[in-house]
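Asker: Would you mind keeping the following structure in view while I ask a few things?
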Amino acid sequence: MSTSTPNAGSNRIAGHGRLSPAKTVTFTFDDKVMTALEGDTLASALLANGIHLVGRSFKYHRPRGILSAGPEEPNALIDISRDSARRQPNVRATVQQVFDGMRAKSQNRYPSLSFDVGAANDVLGRFFPAGFYYKTFMWPKQAWDKLYEPIIRRAAGLGNAPEEADPDHYANRFAHCDVLIIGGGAAGLMAARTAAKSGKRVILVDENPDFGGALLSDNTVRLDGKSADEWTTETIAEIEHLDNVTLLRRTTAFGYYSHNMVSLVEQVTEHMAQPDPDLPRERMWQVRAKQVILATGAIERHLVFADNDRPGIMLASAGQAYLNNYGVTPGHNIGIYTACDSAWATAFDLKKAGIAIAALVDCRAEIDPALLAEAEALGLRVMKNHAITSTAGRLRINSMTVEPVNGEGKTDIPIDCLLMSGGWTPSVHLFSQSRGRVAFDEANGRFLPDVYTEDCISVGACNGTNEMVEALAEAAAAAEEAIKSAGGKPKKVKPPRVEHASSMNGFLIGAAKGAGPDDFVKAFIDFQNDVTAKDIRLAVTEGFHSIEHVKRYTTTGMATDQGKMSNMHGLAIAAQTLGKEIPEVGLTTFRAPYTPVTFGALVAHSKGDLFDVTRRTPMHDWSEAQGAVYEDVGNWKRAWYFPQAGEDMHAAVSRECKTTREAAGIFDASTLGKIEVVGPDAVKFMNLMYTNPWDKLGVGRCRYGIMCREDGFIYDDGVVGRLSEDRFHVTTTTGGAPRVLNMMEDYLQTEFPEWKVWLTSISEQWAVIGVQGPKAREIIEPLVEGIDLSNEALTHMSVAEGKICGVPTRLFRMSFTGETGFEINVPADYGQAVWEAIWERGEPLGMTPYGTEAMHVMRAEKGYIIVGQDTDGTVTPHDAAVDWAIGKKKTDFVGIRGLKRPDLVAEGRRQLVGLKTKQAEIVLEEGAQIVDDPNHPVPVPMVGFVTSSYWSESLGHSIAMGVIDGGHGRMGDTVYIPMENEVIAAEICNPVFYDPEGGRVNG
Amino acid sequence: MDNAMRINPLDERMFGGNGVSLAPVGPRERISLRADEKTAKALGKALGVDLPFKPGSAVSKGGKTALWIGPDEWLLIGPDNGSISTTLSQTGKQVFSIADISHRNTAVTITGPNSTAVLNSGCPRDLSLAAFPVKSCSRTVFGKAEVVLWRIRKEEFHLECWRSFSDYVWKYLADAARSA
């Protein structure tokens, strides 16, 4: 797709820039085909093609151009796509590299960029003051949801979110290092070079495609006699091959967390035309560093004057970067407006490149004579102690009006571009995120790192060290110190000799001339959220005196650029309006992320199959082949029911219950929690953890155990088998497995560390196959070796060890259905084969597989509770009518004192009972409230609620359980369940609906 | 009747490429041993493997490995023949606990120059040779799964997890390996 166009845009300046004119790429902007050079950002490519107008502003829909050349860009937010699924809105054109075939579209305009109907807001601007939405759309209240909000949402906002699923993949990497250096400008490179020599692990990150920072656009400075580019290239070459050094380009450190944990996001393929599909689009790095060196530099501020936002108005540093780094001039007749020396260097570079400079306006009265001399030598028109008070040009600036700072007299000067500088704001974002405290540097109008809380140090421009020679020395010293603190031996590296470094002196924060309290002009401080100097003053006047309130009321600094350029101006204007000093007003909090981070990078591997763990039982493949429908229980997939052709859930569950009761059913109980409790003190421990007595439980016998919390409420339950004097096989609920083990370990480690008893989770060691029903024994008997399954030998609630299908088994005779039943534990890898062998035997005998729903129905028919369904953390064993499981002679167990509390032994507690609807076919809704008198005036007193409710095919009527105030004493009473369209009458009954004598389990 | 067939969730899985190979570890005997230091020393003698007392270290001998998991806890891994439990259950009157977890856990071997990068996609531990040398082991996390990680050689790791987590762990490893 490459073309042979030599210059890739009419604004390329031959012999300037670091890009090769031989390598061109083609892209489209608003469907217009354009050419760029490889390495161009979208911004430099657009400027090369003469385009400044790239978007419309957020609130007033004012035409906006490219303002910066870096991550601080508030205006040039573009929709970038490769194809329909790979589209991303709000990409900063100043950091997005152009790739061959890239499609870029401007945003927030309709129908086109140059004619936008939303711009009417600009004319109506006086009616959109700060807090406009808060003040206006208050009435009528109902109109907010249906009228105002949808319209405002459509009109406001930035780009449109992509509609298709993201087809790309993302990666995550944890990393550790001795020294993490953030920022690869002069200071960062010097620190890296020094730290690397020690052999300690060093990571150097920079958000740009190339290291160098501001050096990349500095044509003047000489380091050890070399150009900035040469010195940078040599420095990188010196450290890049070292095993102890990791260099990360296109990587932004966006979050600084406690204990020197720093999050980085690396853009891996965003700049590639044809990325390898195996490469992640972005990679998240979570770095734990012993020491962090912050070399994050400084960000240039704009100046606050009337109509300072026209396309063609840019930061001076951006103009310099476009010329020296990309070989692009932003204009051909350029005005400069500055309060800082650094813009003079930009003017000199442009002039030397043959670009006309219409005037260099500096609002300062005193200027460094060296600068004045050089300006004179170059023939520049210098207007010191002057200000720009207005600009003209609808879609691009075409003139500026200059006035003396202290006097009258306007001069209109035609220009096609205006470069401005209000000085530099040190990037203390990450330092501040690390909970470091900043201090105000009055003399230079900036906040600087003051008190550190993490093991980090700031060097260079982010530390206010603007002179390069000092910054390099500071960086080298900091690296030596960091290596020492990380336990290494630092090696001295001599910083290079610096010549011809440019100055960053001078600044202006707050409104410039012509944007004062009495001037009715739009002088923007926050370009992305369209906040003007006037808005800040209005907020203060209306009573918002805290800077945090001013921020929220005006939304200054709240856009995606987080006010990188605007915060200091907003603060200065607020302070001036309040009549306070800047440190008294304070700074808003810096929060992660430093620049926007995609959800993809944060999610990394955790999507699709890896979104969460899906736990499958050993017999999952079998149940899947049988067409089971699954329910999620925690992370487990459990077979819910097994529909046959034409069956709905109701039919399947009814059949599964009926078949199990009449013949047999096979059930996958593998997810049950299992804990092996072993040691001479095992029985003592069991006595403590469970309400039941365990001393007399014989080896080979089982018991249903109840576990309470200290407050006396039921925590978990399960059947426990005693395998030997000192070994118990404890089962827990599926969901309760981890917390039960945790609670047991907690008691053991904190209260009874001297006891000789140990706990091991064996939940997944054993696959559990439940075989229940009158034919259960007949089915499994031929497969079992070494265990007498007869009713006399293996009575209900017994356990024996032997073999089934030639593999070891812990075979429990127990029942959660009320039928004769077995739970066959086999080592998990054998689960499916043993299951299949049992199925082969059972199927001809009429056995059905049944799922968790049928299991729930059958246990409810027997009145067996499910902890967490029939109990809710306020139910005692007495309330649940399982107080028979409390050892009456026991002197201690967890919950024993809780159970004696007056409220827990009081009359009238909510107790678990059975409920039988008067009309047999009505199935109650679980959770439905129960009342005594449905005709009682509202509010009707509630006496309880339904906890479990099913259709019982075996009994031919519905069954339910519920908790009712004083329920145990109310057998036979009628209660009412008011529903939306009817009131259902039900009788309180014994919850054991099926086989109340309980003979069937002993069959 | 033939004995029941053993099916492991990682059976027949393989991954290779991008400087890393993944392979399921076949059946092993795995015992969770809990004992005090004195008893552990005696049990180590019986087993022929000196149980490690240095936190996070592993000792291998004669095909058996003892991994230090906690102050009184070791994970013993050996051939799938029951010899560890047989030996330990014949040690007389010592007081300790063994629980068979041969089927609870399964494992993956990760080999190749990119193995640490792949593991560090989901495991936050420092896996440099200085911080996690050969013969180190650790109970740690990989993504959302609890695992035991053991470094066998410079570029060979053994990653143990619970059976039902193995599908997740394997897929995570493969996803990470693809983009390592």
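The values are calculated or read from the model by the stated rules, or taken from the named source; none is laboratory data. Every value quoted in this text rests on a predicted model; they were computed, and no experiment measured them. Backbone-built Cβ (ideal geometry, glycine too); neighbour counts: all protein chains shown.
Asker: Give the residue that is farthest from B:P113 (Cα to Cα), with candidates limited to residues of segment B:1-37 that are away from every other protein chain (no Cβ under 14 Å) and part of a strand (DSSP E or B).
Answerer: Of everything passing the filter in segment B:1-37, B:A23 is farthest from B:P113 (Cα to Cα).
Asker: Which of the following residues is among the β-branched types (V, I, T) and touching a helix residue (DSSP H, G or I) at 6+ places or on another chain (Cβ under 8 Å): A:I203, A:I236?
Answerer: One residue alone meets the criteria, A:I236.
Asker: Let me ask something else. Which one of the conditions (1) assigned to a strand (DSSP E or B); (2) modelled with pLDDT of 95 or more does A:V95 fail to meet, given that it meets all the rest?
Answerer: Going through the list (1) assigned to a strand (DSSP E or B); (2) modelled with pLDDT of 95 or more, A:V95 breaks only (1).
Asker: Sort through A:A572, A:A604 and tell me the only one that's in contact (Cβ under 8 Å) with a residue 60 or more places away in the chain and on the phi > 0 side of the Ramachandran plot.
Answerer: On the way: A:A572 fails: on the phi > 0 side of the Ramachandran plot.
Only one candidate qualifies: A:A604.
Asker: Next up: Among the strands (runs of 3 or more DSSP E) confined wholly to segment A:439-540, which include 1 or more residues that are outside the structural domain of A:L223 (by TED's automatic domain parsing)?
Answerer: Ranges flagged: A:524-526.
Asker: Take the residues in segment A:753-785 that are in a loop (DSSP other than H, G, I, E, B) and away from every other protein chain (no Cβ under 14 Å); name whichever of them is surrounded by the most Cβ atoms within 10 Å (Cβ to Cβ). Spell out how you get there, then give the answer.
Answerer: If we filter segment A:753-785 for residues that are in a loop (DSSP other than H, G, I, E, B), which is where we start, we get A:753-757, A:762-765, A:773-775.
Filter again for away from every other protein chain (no Cβ under 14 Å), leaving A:773-775.
Details: A:G773: 30, A:P774: 16, A:K775: 21.
If we take residues in segment A:753-785 being in a loop (DSSP other than H, G, I, E, B) and away from every other protein chain (no Cβ under 14 Å), then A:G773 is surrounded by the most Cβ atoms within 10 Å (Cβ to Cβ).
Asker: Hey, any hits in segment A:719-729 for a residue that's assigned to a loop (DSSP other than H, G, I, E, B) and either within 14 Å of chain B (Cβ to nearest Cβ) or at pLDDT 95 or above (or both)?
Answerer: Yes; the residues of segment A:719-729 include at least one that is assigned to a loop (DSSP other than H, G, I, E, B) and either within 14 Å of chain B (Cβ to nearest Cβ) or at pLDDT 95 or above (or both).
Asker: Also, I was wondering about something else. With respect to B:A107, determine if the residue is touching a residue at least 40 places away in the same chain (Cβ under 8 Å) and more than 11 Å from chain A (Cβ to nearest Cβ).
Answerer: Spelling it out, B:A107 is indeed touching a residue at least 40 places away in the same chain (Cβ under 8 Å) and more than 11 Å from chain A (Cβ to nearest Cβ).
Asker: Is it the case, given these coordinates, that B:G78 is touching a Lys or Arg at 6+ places or on another chain (Cβ under 6 Å) and either under 28 Å from B:D36 (Cβ atoms) or surrounded by 20 or more Cβ atoms within 10 Å (Cβ to Cβ) (or both)?
Answerer: yes
Asker: Let me ask something else. Which of the residues spanning segment A:249-264 are under 17 Å from A:A187 (Cα atoms) and surrounded by fewer than 20 Cβ atoms within 10 Å (Cβ to Cβ)?
Answerer: Of everything in segment A:249-264, just one residue is under 17 Å from A:A187 (Cα atoms) and surrounded by fewer than 20 Cβ atoms within 10 Å (Cβ to Cβ), namely A:R249.
Asker: Need a quick list: strands (runs of 3 or more DSSP E) entirely within segment A:375-428 having at least 2 residues that are in contact (Cβ under 8 Å) with a residue 60 or more places away in the chain and not β-branched (V, I, T).
Answerer: Correct list: A:386-392, A:399-404, A:417-421, A:424-426.
Asker: Further question: So, in segment A:734-765, how many residues would count as being under 32 Å from the mean Cα position of the chain (by Cα) and within 24 Å of A:K696 (Cα to Cα)?
Answerer: 2
Asker: Sticking with this structure for a sec: If a residue counts only when it is within 13 Å of chain B (Cβ to nearest Cβ), which helices (runs of 4 or more DSSP H) contained entirely in segment A:582-650 have at least 3 such residues?
Answerer: By residue number, A:599-603, A:620-625.
Asker: From B:V148, B:V59, which residue is within 27 Å of A:K674 (Cα to Cα) and away from chain A (no Cβ under 11 Å)? Before you say what the answer is, go through the steps one by one.
Answerer: Working: B:V59 fails: within 27 Å of A:K674 (Cα to Cα).
From the options B:V148, B:V59, the qualifying one is B:V148.
Asker: With the checklist (1) more than 14 Å from chain B (Cβ to nearest Cβ); (2) in contact with a strand residue (DSSP E or B) (Cβ under 9 Å, 6 or more places away or on another chain); (3) of a type in the set (G, A, S) in hand, flag the one item A:A353 doesn't pass.
Answerer: Among (1) more than 14 Å from chain B (Cβ to nearest Cβ); (2) in contact with a strand residue (DSSP E or B) (Cβ under 9 Å, 6 or more places away or on another chain); (3) of a type in the set (G, A, S), the lone unmet condition for A:A353 is (2).
Asker: May I pose another question? Going by the conditions given, is B:R163 facing chain A (nearest Cβ under 8 Å), touching a strand residue (DSSP E or B) at 6+ places or on another chain (Cβ under 7 Å) and of a type in the set (K, R)? Outline the logic, then answer.
Answerer: Values: facing chain A (nearest Cβ under 8 Å): yes; touching a strand residue (DSSP E or B) at 6+ places or on another chain (Cβ under 7 Å): yes; of a type in the set (K, R): yes.
Spelling it out, B:R163 is indeed facing chain A (nearest Cβ under 8 Å), touching a strand residue (DSSP E or B) at 6+ places or on another chain (Cβ under 7 Å) and of a type in the set (K, R).
Asker: Residue check: is B:K93 within 11 Å of chain A (Cβ to nearest Cβ) and either crowded, with 16+ Cβ neighbours inside 10 Å or among the charged types (D, E, K, R) (or both)?
Answerer: It is true that B:K93 is within 11 Å of chain A (Cβ to nearest Cβ) and either crowded, with 16+ Cβ neighbours inside 10 Å or among the charged types (D, E, K, R) (or both).
Asker: Residue check: is A:L47 at pLDDT 90 or above, surrounded by fewer than 23 Cβ atoms within 10 Å (Cβ to Cβ) and among the aliphatic types (A, V, I, L, M)?
Answerer: No, not satisfied.
Asker: Looking at segment A:239-319, what strands (runs of 3 or more DSSP E) fall wholly within it and have at least 1 residues that are within 28 Å of the chain's Cα centre (by Cα)? Please lay out each step first, then the result.
Answerer: Values: elements: A:245-248, A:251-257, A:261-267, A:282-294, A:298-300, A:313-315.
Ranges flagged: A:245-248, A:251-257, A:261-267, A:282-294, A:298-300.
Asker: With the structure loaded, tell me whether A:E474 is at pLDDT 95 or above and touching a Ser or Thr at 6+ places or on another chain (Cβ under 8 Å) or whether it fails that test. Working first, answer last.
Answerer: Working: at pLDDT 95 or above: yes; touching a Ser or Thr at 6+ places or on another chain (Cβ under 8 Å): yes.
Yes: the conditions hold for A:E474.
Asker: Residue check: is B:A130 at the interface with chain A (Cβ under 10 Å from one of its Cβ atoms), crowded, with 19+ Cβ neighbours inside 10 Å and either free of Cβ contacts under 8 Å to residues at least 12 places away in the same chain or out of contact with any Lys or Arg (no Cβ under 6 Å at 6 or more places or on another chain) (or both)?
Answerer: The answer is no for B:A130.
Asker: Hey, can you tell me all the residues within segment A:880-899 that are in a helix (DSSP H, G or I) and either free of Cβ contacts under 8 Å to residues at least 24 places away in the same chain or closer than 29 Å to A:E631 by Cα (or both)?
Answerer: A:D883, A:W884
Asker: Based on this model, can you work out whether B:F142 counts as within 14 Å of the chain's Cα centre (by Cα), over 15 Å from B:I77 (Cβ atoms), touching a residue at least 24 places away in the same chain (Cβ under 8 Å) and more than 10 Å from chain A (Cβ to nearest Cβ)?
Answerer: Judged against the criteria, B:F142 is a match.
Asker: Let me ask another. Given the structure, is A:A960 assigned to a strand (DSSP E or B), under 51 Å from the mean Cα position of the chain (by Cα), surrounded by fewer than 19 Cβ atoms within 10 Å (Cβ to Cβ) and among the hydrophobic types (A, V, I, L, M, F, W, C)? It would help to see each step written out before you state the result.
Answerer: On the way: assigned to a strand (DSSP E or B): yes; under 51 Å from the mean Cα position of the chain (by Cα): yes; surrounded by fewer than 19 Cβ atoms within 10 Å (Cβ to Cβ): no; among the hydrophobic types (A, V, I, L, M, F, W, C): yes.
Considered against the rule, which asks whether it is assigned to a strand (DSSP E or B), under 51 Å from the mean Cα position of the chain (by Cα), surrounded by fewer than 19 Cβ atoms within 10 Å (Cβ to Cβ) and among the hydrophobic types (A, V, I, L, M, F, W, C), A:A960 comes out as no.
Asker: Further question on the same structure: Take the residues of segment A:163-208 that are part of a loop (DSSP other than H, G, I, E, B) and under 13 Å from A:E481 (Cα atoms): which is nearest to the chain's Cα centre (by Cα)?
Answerer: A:K200
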